[in-house]
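Data block below; observations after.
Readers should treat all values here as calculations from the given coordinates under stated rules, not as data from a laboratory. Small disclaimer: the values here were computed from a predicted structure and weren't measured. So basically every Cβ, Gly included, is an ideal-geometry build from the backbone, and we count neighbours across all protein chains shown.
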Amino acid sequence: MLKNGKKYGVILLFIIFITCLYSFFSLQNAGDTPKSKTGLFLGTVINITIYDELSEHEFENICANIFKCLEEIEDKMSVNIEDSEISKINKNAGIQSVTVSPETFYVVNKGKYYCELSDGAFDITIGPLVNLWGIGSERANLPSKENISATIKHIDYNKVLLDEGNNSIYLMQDNMRLDLGAIAKGYAADVVRDYLIEKNVENAIINLGGNIYALGSRANEDHWNIGIQNPVEPRGAYVGIVHVSNKSVVTSGIYERYFMHEDKRYHHILSPFTGYPVENELASVSIVADQAIDGDGLSTTTFSLGLKNGANLLETIEGVDAIFITKNNEVYITSGLKNNFTLKNSDFTLKKTIIDEEL
Ligand code: AMP
Ligand code: MG
């Protein structure tokens, strides 16, 4: 009996010891294991990964608030929501101005800025053309030349009147249609970043369908490594890695949304001038910037302008860098990335920085 009691005592002690050891290691590892959550907003997959030590409850709470925030942005700015502020502006085209929230006004105002900067290669009134092609939806189709010519007549950012005093927006011609698809996700990434900072989160990756904000850095390092997608391979195959901290990395490319017709690829960045998907030497452009809204605006803008004009434009903007990938597997980086970009795929050639290279 006594012998048995001793045996059970030893087993009990052993169990207590293992339990303590397990709890000790789970506590040690709590901060090392990132917490991640995925949702669907703004027509894309959103992923938030936080690397700080947070309780499950704190993490769930933060994500719930972020998703609520994203839903509010979508409710204001989506063209696919009947009573969004953008839909109201579109319905009132040629009729009257519409008063909107300061958030929507800010994004439209920023969008108009990039229209001006690109002389209309980027145009937030691209809506009728986006609608005609339907790229990214089940009704994607190759429209007739006549339909395309008729539709591009409704695109003109100069006819977007912004009244800052009243936060009101007026499209001066009927059949005009705003589309913030090229800039709203960047804005949303900034909002999420600001919220995380407010909650004292120091290290996180925000991924809004390829619009990335890298907050803080990886454990024991002073930066994050962000993969730059190979434009001709499935998601997750990288051309190279950019090393950044507290920056957004936003990419526009021919692989993001497209459909194939008679062996030809029709992608989602459309030229307001021709009415067809932009055709130039580029397969993708990634912009590294402080604000994701600028990264988003500039990635679509520089993609539309092409390598030479896009690079020239970036020369005039401070604090912004870029990685251009061409269809013939050349990679051009701006001088600011000289020490912060590593090529990882030998099918691609890293050219000298854009400034040094004869373009
Ligand atoms: P992004 O992926 O940021 O380059 O944005 C592409 C999205 O912006 C498309 O799906 C359209 O909704 C919209 N878009 C397409 N072409 C243009 C353009 N030339 N200017 C502004 N927005 C555009
Ligand atoms: Mg964009």
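Structure above, values below:
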quantity	calculated
Region 194-308: relative contact order in percent, alpha carbon pairs under 8 Å with at least 6 residues between	21
Cβ-defined net charge surrounding Y276, 11 Å radius [Lys, Arg +1; Asp, Glu -1]	+1
Sorted by Cβ density within 10 Å, fewest first, the residues S101, S299	S101, S299
Residue order, fewest to most surrounding Cβ atoms within 10 angstrom, among C115, C63	C63, C115
Between helix 56-77 and the chain: long-axis angle, C-alpha atoms, 0 to 90°, nearest 10	10
Spherically averaged projected area in nm², based on the convex hull that wraps the Cα atoms of the chain	24.1
Inter-part distance where region 44-62 and region 254-322 are each reduced to a Cα centre, Å	31
Highest-fluctuation residue, G120, G236, G310 considered, GNM on the chain with Cα pairs under 10 Å	G236
Note, ³J(HN,Hα) from phi for region 319-329, Karplus 6.51, -1.76, 1.60, rounded to Hz, x at Gly and Pro	x, 10, 10, 8, 10, 9, 10, 8, 5, 9, 6
Residues L142, L270, L215, L298 arranged by fewest to most Cβ contacts within 10 Å	L142, L215, L270, L298
Karplus-derived 3J(HN,Hα), 6.51/-1.76/1.60, for each residue of region 330-346, Hz, glycine and proline x	9, 10, 10, 10, 7, 4, x, 9, 3, 9, 10, 10, 10, 6, 10, 10, 6
Estimated vicinal HN-Hα couplings, Hz - region 187-194 in sequence order (Karplus 6.51, -1.76, 1.60; Gly, Pro = x)	4, 4, 4, 5, 5, 5, 4, 4
Relative contact order (percent, whole number), region 52-93, Cα cutoff 8 Å, 6+ residue spacing	19
Top of K110, K264, K76 by mean-square fluctuation, Gaussian network on the chain, Cα under 10 Å	K264
Sequence-distant lysines (8 or more away, or on other chains) whose Cα lies within less than 19 Å of K338	K247, K308, K351, K352
Contour minus Cα-Cα distance for S149 and N225 (0.36 nm per residue)	23.0 nm
GNM top mover of D156, D75, D119 - the chain, alpha-carbon springs below 10 Å	D119
Amide proton proximity set for H268, modelled H, under 5 Å, gap of 5+	R257
Reduced Cα scattering model of region 176-324, Debye log10 I(q)/I(0), q = 0.11 Å⁻¹	-0.43
Charge sum, other residues only, whose C-beta stays under 13 Å from I66's C-beta, Lys/Arg counted +1 and Asp/Glu -1	-3
Options Q291, Y157, Q96, ranked by Cα towards positive dipole end of the chain, top entry (Cβ charges)	Q291
Projected label distance in nm at D174 and R139, using a 7 Å step from Cα toward the beta-carbon	2.0
Volume in Å³ per residue [convex hull over Cα atoms, computed for region 91-176]	108
Paramagnetic label zone (point 7 Å from Cα along Cα-to-C-beta, K264; backbone N under 12 Å) in region 140-155	142-145
